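Participant: After the structure tokens below, expect a handful of questions from me.
The values are calculated or read from the model by the stated rules, or taken from the named source; none is laboratory data. Here the structure is a predicted model, which is why all the values come from computation and not from measurement. Just the protein is used for accessible areas: all its heavy atoms, side chains included, with ligands, DNA and RNA removed. Shrake-Rupley method; radii C 1.70, N 1.55, O 1.52, S 1.80 Å.
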Amino acid sequence: MTTSLTNTRRRSRATFGRLLAWCTVLAVGLVGSVSAQVADDAASYRLNLRDEIEVQIFDENDLNTSQRIDGRGQIRVQLVGTVVVAGKTVREAEDFIESLYVEKRILRNPMVTIRVLQYAPREVNVLGEVGNPGAMLFPAEINEMDIVDVIAKSGGFTQLARRNRVEVTRIGPDGKATVREINVDDMIRGRSRDGARFMVRPGDTISVPAIIF
């Protein structure tokens, strides 16, 4: 009787041990998957004006720098000079700076890492004939939003809105403004060509004019 009970306990411990080991492997795998996703999201973040970033070059501590991206989308990279990084993803900016070090024959095989220390306020201004005109904040992890969603979050169009002539003003990395006219009415009704969408980015200004009678 005692031997049988002992064997049963041993089998139970072994089963529990295998279950615990399996759960540990599963947990490690999930953590690894989440960590990889977080890393991918950070690398795909698109840098913006006024973001404060840290640029590190592996094994080259004298070249490391922390600074805020200026109004022209630029930072100063040690030994390289002024570099435009706004509008690039973190990964693209890392690759770009690495290529500059190689092209200028400063470093043979640089490994650049960029980290965002502080996100700049990210917003889009919606003006004119919407329910709640003003600034709308972007979540830090989002680089762009559908213009239809932005209009909806701003209270939707008023009855006087000229929905087919919405203007979007965007400042490029060179500091120049471009204006594009968008037929948002067609997008809402699903009549836009090839199902086209227009994505709004932080810093854009949306102007909704009134109907002229």
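Participant: Restricting to Cα pairs below 8 Å that are 6+ residues apart, what does the relative contact order work out to for the range 76-194? Please round to a whole percent. Each step should come with its number before you reach the end.
Facilitator: On the way: 121 pairs, mean separation 18.7, N = 119.
Once divided by the residue count of the range 76-194, the mean separation gives 16 percent.
Participant: Could you report the accessible area of I142 in Å², rounded to 10, computed with a 1.4 Å probe on the protein chains as they sit in the structure?
Facilitator: Per-residue accessible area (I142): approximately 60 Å².
Participant: Could I ask something else about it? Run the 1.4 Å probe and let me know the accessible area of T205, rounded to the nearest 10 Å².
Facilitator: We get 40 Å² for T205.
Participant: At 1.4 Å probe size, put F157, F58, F138 in order of accessible surface, largest to smallest. Provide the component values of the computation, followed by the final result.
Facilitator: On the way: F157 35, F58 145, F138 15 Å².
Accessible-area ranking of F157, F58, F138, largest first: F58, F157, F138.
Participant: Okay, next question. For the range 82-126, what are the per-bin percents of Cα-Cα distances with bins 10 Å wide, up to the bin holding the maximum?
Facilitator: Once binned at 10 Å, the Cα pair distances of the range 82-126 give 24, 43, 21, 9, 2.
Participant: Sticking with this one: Within the accessible area of the range 57-172, what % is carbon and sulfur when the probe is 1.4 Å and the other protein chains stay in place?
Facilitator: Numbers: 2960 of 6710 Å².
Carbon plus sulfur share of accessible area: 44 percent.
Participant: Once amide H atoms are built 1.01 Å from N in the peptide plane, which residues 5 or more positions from V166, or in another chain, come under 5 Å H to H?
Facilitator: I182, V184
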